[in-house]
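Here the structure is laid out as structure tokens; the discussion comes afterwards.
The values are calculated or read from the model by the stated rules, or taken from the named source; none is laboratory data. Source: prediction; values computed, not measured. Methodologically, a virtual Cβ is constructed for each residue, glycine included, from the backbone with ideal geometry; neighbour enumeration extends over all protein chains shown.
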Amino acid sequence: MLPINGLSNIAPSWMPKDLGLGFLYLGVLPSAVSSSIAYTAMARGNVPAAICSAAASNVFGMMLTPFLLLLLVSTSGGGDFSVAEALKDIILQLLLPFAVGHALRPWLGGFLGRNETLMARYDQCVIWLIVYSAFSHSVESGLWENLPLQAILFAIALCLGLLLLFMVFARFLVRRFGFSLEDEAAVVFCGSKKSLASGLPMAKVLFSGHPGFGMIVLPIMCYNQIQVIVGAFLAQKYRDKIERANAEKTG
């Protein structure tokens, strides 16, 4: 379990420390693979760059998340959180199945390719089960009874603010270095998305047995819903801009 004494000077006095820990955890999560690529494709952006970026973020993010989280929440290096133990659990529970799946691709690739619709539904069902499990855990722990309404509203507002901040910062960097509009779309979506599919399983590893688990994962679930809504709107805006720019070039 992570030490949270380092949050005393970060979170507001009325904000539960577990919720503050959840926002720090949200900040160190890797990018979402499927939504980053999907929105980049919808925007007519640089899809190959989005694929490489989102995949690399997830693979390396699984290794870096425990270190970054410990760096943020621990001011003295104390506590009972073991980075080595967390990495071992992440490797066994997340990276090993990922590697086994890729190793089996030569034998299963043909079947999966012929049943893309079935696999897509299976993937969605797994994510929904993860979300359902997290919500069930939060209800069982009494999260919705103990969490003040102002903390819930603050969590939603802060998630929206963080998403917009990430998008504005990514857009500023891309334009600063003179990348194309297609590259900008890929960077904005990959740089602002947070992975619910890997975030919740990692949370169960990092915060196993933590009494405030439901409150810790609340920012992830709020952020995920907001990024879906904002992403769909922004993807259409980028698509229109990119199509107009291409029409001007060819015209």
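Please verify whether Ala247 is more than 21 Å from Leu29 (Cα to Cα) and in a helix (DSSP H, G or I), treating the condition exactly as stated.
Criteria met by Ala247.
Among Gly231, Gly161, which is among the small types (Gly, Ala, Ser), in a helix (DSSP H, G or I), within 22 Å of Ala56 (Cα to Cα) and modelled with pLDDT of 85 or more?
None of the others qualify; the one that does is Gly231.
For Leu112, indicate whether it is assigned to a helix (DSSP H, G or I) and at pLDDT 75 or above. Spell out the reasoning first.
Details: assigned to a helix (DSSP H, G or I): yes; at pLDDT 75 or above: no.
So Leu112 does not fit the description; no.
Is it the case that Phe179 is aromatic (Phe, Trp, Tyr) and not in a helix (DSSP H, G or I)?
Yes.
For the range 171-190, how many residues meet the condition of being surrounded by fewer than 19 Cβ atoms within 10 Å (Cβ to Cβ), closer than 21 Å to Pro30 by Cβ and either in contact with a Phe, Trp or Tyr (Cβ under 9 Å, 6 or more places away or on another chain) or not basic (Lys, Arg) (or both)?
2
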